[in-house]
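The values are calculated or read from the model by the stated rules, or taken from the named source; none is laboratory data. Values in this document were obtained by computation on a predicted structure and should not be read as measured data. Cβ coordinates were reconstructed from backbone atoms using ideal geometry, including for glycine residues, and neighbour counts include every protein chain displayed.
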Amino acid sequence: MAPSHPPQPLDLPRLTQAQAPLTQAVDVINERGETEQVHIPAERALTVYVDRRELVTLMTLGAHPELLVLGYLRNQRLVDSVFDIESITVDWEVNAAAVRTRHGIARIEERTASKVVTTGCGQGSVFGGLMDEVDRIELPQAQLTQAQLYGLVNAIRLKETTYKSAGSVHGCALFRGEDMLVFVEDVGRHNAIDTIAGWMWMNPEAPSAAPSTQAGQTDTASFQPMGGADKVFYTTGRLTSEMVIKSAQMGVPIVVSRSGMTQMGHAVAQQLGLCAIGRATNRRFVCYAGAHRLVLQPELA
């Protein structure tokens with residue numbers, strides 16, 4: 001038997017920083033017949049090519065397009081590790097993202113042949129069977145107190161956002177307790193959660209968890225991308241099956257929404273034991289599923 005060799009240090013994916021303007025000024029006519037200028041979200045198409053093969057076109061604001069593409073590949077289950085990706089290059093002059101993998105994507109034609117168009121704003125889509133991997137997901141034990149829930153809802157309320165200035169976008173955030181770790185807005189909530197998934201892959205659980213070797217390289221045996229065990233995912237959009245499944249794939253066992261929940265999203269959350277909290281504004285909320293993860297403090301209401 002040939003001797004086994006330890007994994008070699010690899011670079012994290014090289015990402016461009018091709019942020020695009022998030023809003024655009026347009027002239028409108030108001031109810032008094034007057035012309036005024038308002039800002040609207042600058043939606044744009046981004047066509048993703050993987051190893052020179054066209055994969056999908058995403059409609060996006062373009063705030064963090066490289067992380068969006070990385071998270072999309074992760075949540076579509078097309079790549080298993082952040083180290084499967086060598087680079088992601090976004091060029092807004094041609095509205096394209098070029099992904100270079102290290103070893104290709106096995107059976108990519110077969111795995112992308114079946115597409116489900118989701119209910120996400122901006123026409124989200126997922127490849128393959130939507131429910132294929134649900135049975136294999138095991139969520140970690142975690143709880144959220146009612147006080148922490150109120151804290152994160154308040155943090156969202158105070159956040160300066162594109163929605164406040166231009167409307168027409170969804171926001172998603174990742175929290176540890178009531179501490180906001182990252183906040184993303186996009187034209188569709190599915191894009192925002194994919195961007196957060198990409199951000200988690202590019203960041204270790206703690207700075208000390210990313211030992212480096214040579215300049216720019218990471219010890220793949222020691223690098224642990226950020227996990228979801230002690231995290232809470234927040235979205236301004238409704239909790240559909242897609243949002244619940246993606247949160248579970250990221251290992252996040254608690255989701256909170258300003259909106260409601262669909263029947264299929266509810267069924268998947270119950271199957272997974274995921275805590276789904278909706279209609280969370282000010283001090284009101286309803287817990288649709290996974291109430292065992294919510295530590296109630298009714299006196300705070």
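Look through LEU68, LEU78, LEU73 and report the one residue that is closer than 21 Å to MET250 by Cα, part of a helix (DSSP H, G or I) and out of contact with any Gly (no Cβ under 7 Å at 6 or more places or on another chain).
LEU73 is the lone residue from the list that is closer than 21 Å to MET250 by Cα, part of a helix (DSSP H, G or I) and out of contact with any Gly (no Cβ under 7 Å at 6 or more places or on another chain).
Just for the range 242-252: of the residues that are of a type outside the set (A, V, I, L, M) and buried (at least 23 other Cβ atoms within 10 Å of the Cβ), which one is modelled with the highest pLDDT?
Ranking the candidates gives SER247 first.
I'd like the residue in the range 151-169 that is surrounded by 19 or more Cβ atoms within 10 Å (Cβ to Cβ) and more than 20 Å from GLY228 (Cβ to Cβ) and, out of all such residues, is modelled with the highest pLDDT. So that I can check it myself, show each step before the final result.
Restricting attention to the range 151-169, the residues satisfying the condition of being surrounded by 19 or more Cβ atoms within 10 Å (Cβ to Cβ) are 152-153, 156, 162, 166, 169.
Checking the rest, the ones that are also more than 20 Å from GLY228 (Cβ to Cβ) come to 162, 166, 169.
Working: THR162: 74, ALA166: 68, VAL169: 80.
Among those residues, the one meeting the criterion is VAL169.
Restricting attention to the range 259-301, and to residues there that are surrounded by 21 or more Cβ atoms within 10 Å (Cβ to Cβ) and of a type in the set (Val, Ile, Thr), which single residue is farthest from ASP230 (Cα to Cα)?
VAL268
Based on this model, can you work out whether ARG44 counts as out of contact with any helix residue (DSSP H, G or I) (no Cβ under 6 Å at 6 or more places or on another chain), in contact (Cβ under 8 Å) with a residue 40 or more places away in the chain and more than 22 Å from GLN17 (Cβ to Cβ)?
On the way: out of contact with any helix residue (DSSP H, G or I) (no Cβ under 6 Å at 6 or more places or on another chain): yes; in contact (Cβ under 8 Å) with a residue 40 or more places away in the chain: yes; more than 22 Å from GLN17 (Cβ to Cβ): no.
For ARG44, the condition - out of contact with any helix residue (DSSP H, G or I) (no Cβ under 6 Å at 6 or more places or on another chain), in contact (Cβ under 8 Å) with a residue 40 or more places away in the chain and more than 22 Å from GLN17 (Cβ to Cβ) - is not met.
Those residues that are touching a residue at least 60 places away in the same chain (Cβ under 8 Å) and closer than 16 Å to ARG14 by Cβ, I need them from the range 82-101; list them, please.
VAL82, PHE83, ILE85, GLU86, SER87, ILE88, THR89, VAL90, ASP91
Would you confirm whether or not the range 42-51 contains a residue that is outside any loop (DSSP other than H, G, I, E, B), modelled with pLDDT of 90 or more, among the aliphatic types (A, V, I, L, M) and in contact with a Pro (Cβ under 7 Å, 6 or more places away or on another chain)?
Yes, the range 42-51 contains a residue that is outside any loop (DSSP other than H, G, I, E, B), modelled with pLDDT of 90 or more, among the aliphatic types (A, V, I, L, M) and in contact with a Pro (Cβ under 7 Å, 6 or more places away or on another chain).
Does VAL268 satisfy the criteria of being closer than 22 Å to TYR72 by Cα, under 21 Å from the mean Cα position of the chain (by Cα) and modelled with pLDDT of 95 or more?
In short, no.
Filter the range 46-61 down to the residues that are under 12 Å from VAL99 (Cα atoms), under 19 Å from the mean Cα position of the chain (by Cα) and surrounded by fewer than 16 Cβ atoms within 10 Å (Cβ to Cβ) and list them by number.
The answer is THR47, and nothing else.
Which ones in the range 28-87 are under 15 Å from HIS190 (Cβ atoms) and basic (Lys, Arg)?
Once the filter is applied, which keeps residues that are under 15 Å from HIS190 (Cβ atoms) and basic (Lys, Arg), the range 28-87 yields ARG74, ARG77.
Any residue at all in the range 205-220 that's at pLDDT 95 or above, surrounded by fewer than 21 Cβ atoms within 10 Å (Cβ to Cβ) and among the small types (Gly, Ala, Ser)?
no
Residue-by-condition table, conditions (1) at pLDDT below 80; (2) surrounded by 13 or more Cβ atoms within 10 Å (Cβ to Cβ); (3) within 21 Å of HIS266 (Cα to Cα):
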| position | (1), (2), (3) |
| --- | --- |
| LEU78 | no, yes, no |
| ASP91 | no, yes, no |
| GLY122 | yes, yes, no |
| GLU133 | yes, yes, yes |
| PRO140 | no, no, yes |
| LEU144 | no, yes, yes |
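When you go through (1) touching a residue at least 60 places away in the same chain (Cβ under 8 Å); (2) in contact with an Asp or Glu (Cβ under 7 Å, 6 or more places away or on another chain) one by one for THR35, which number turns out not to apply?
For THR35, the exception is condition (1).
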